[in-house]
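Student: This is the structure I have questions about; it appears just below.
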Amino acid sequence: MSGNKPEHVERDGAMKFSIFVNEGENGPRLNVAFENAYFDKESNSFVPTNSIRLEDTLKLQRLAGRTYDAGMRIKQDLNQRRSEERAPAQQRSVPARGRKQTRSYSR
């Protein structure tokens, strides 16, 4: 994923999820990277870490949920573009199907 610009970023304070789109054999694949950092007063800079405080677990959960939602929207858009690229230049009109009959079961 290095050198690849993220398609979308969700951030909350020092926590960040990045969504990357990578081309695969079967079309685009989405990968997610999580980053967290804390401020180190001695070095006067942010230091990456793979741990979070207990108090931040709910924040992480909400951030992960927003990232999932964004990823699903991106995936849907990519699938839509991909199907449009595969379709012939002139769309065929498909007749509407009749209403599907349902069976009613009585006891």
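The values are calculated or read from the model by the stated rules, or taken from the named source; none is laboratory data. Remember, predicted model here, so these are calculated numbers, not experimental data. Using ideal geometry, Cβ is built from the backbone for each residue, glycine included, and neighbour counts are taken over all protein chains shown. When the accessible area is computed, the model is the full protein with side chains, heavy atoms only, and any ligands, DNA or RNA have been set aside. Shrake-Rupley method; radii C 1.70, N 1.55, O 1.52, S 1.80 Å.
Student: Pick out the one residue from 3, 27, 65, 71 that is under 16 Å from the mean Cα position of the chain (by Cα), of a type in the set (Gly, Ala, Ser) and modelled with pLDDT under 95.
Tutor: When all the criteria are applied, what remains is 27.
Student: Cβ-Cβ under 7 Å, sequence separation 6+ or interchain: first residue in segment 70-90 and closer than 13 Å to residue 30 by Cβ and aliphatic (A, V, I, L, M), partner open to solvent by less than 80 Å² (accessible area, probe 1.4 Å) and modelled with pLDDT under 90. Which pairs?
Tutor: Final answer for the pair search is 78/28.
Student: Among (1) modelled with pLDDT under 95; (2) out of contact with any Ser or Thr (no Cβ under 9 Å at 6 or more places or on another chain), which single condition is residue 58 missing?
Tutor: Failed condition: (1).
Student: For residue 42, state whether it is farther than 30 Å from residue 86 by Cβ, out of contact with any helix residue (DSSP H, G or I) (no Cβ under 7 Å at 6 or more places or on another chain), charged (D, E, K, R) and open to solvent by less than 100 Å² (accessible area, probe 1.4 Å).
Tutor: Spelling it out, it is not the case that residue 42 is farther than 30 Å from residue 86 by Cβ, out of contact with any helix residue (DSSP H, G or I) (no Cβ under 7 Å at 6 or more places or on another chain), charged (D, E, K, R) and open to solvent by less than 100 Å² (accessible area, probe 1.4 Å).
Student: What residue, of 32, 21, is open to solvent by 40 Å² or more (accessible area, probe 1.4 Å) and of a type in the set (Val, Ile, Thr)?
Tutor: 32
Student: Additional query: List the number of the failed condition for residue 30; all other conditions in (1) in contact with a Gly (Cβ under 9 Å, 6 or more places away or on another chain); (2) of a type outside the set (Asp, Glu); (3) at positive phi hold.
Tutor: Of the numbered conditions (1) in contact with a Gly (Cβ under 9 Å, 6 or more places away or on another chain); (2) of a type outside the set (Asp, Glu); (3) at positive phi, the odd one out for residue 30 is (3).
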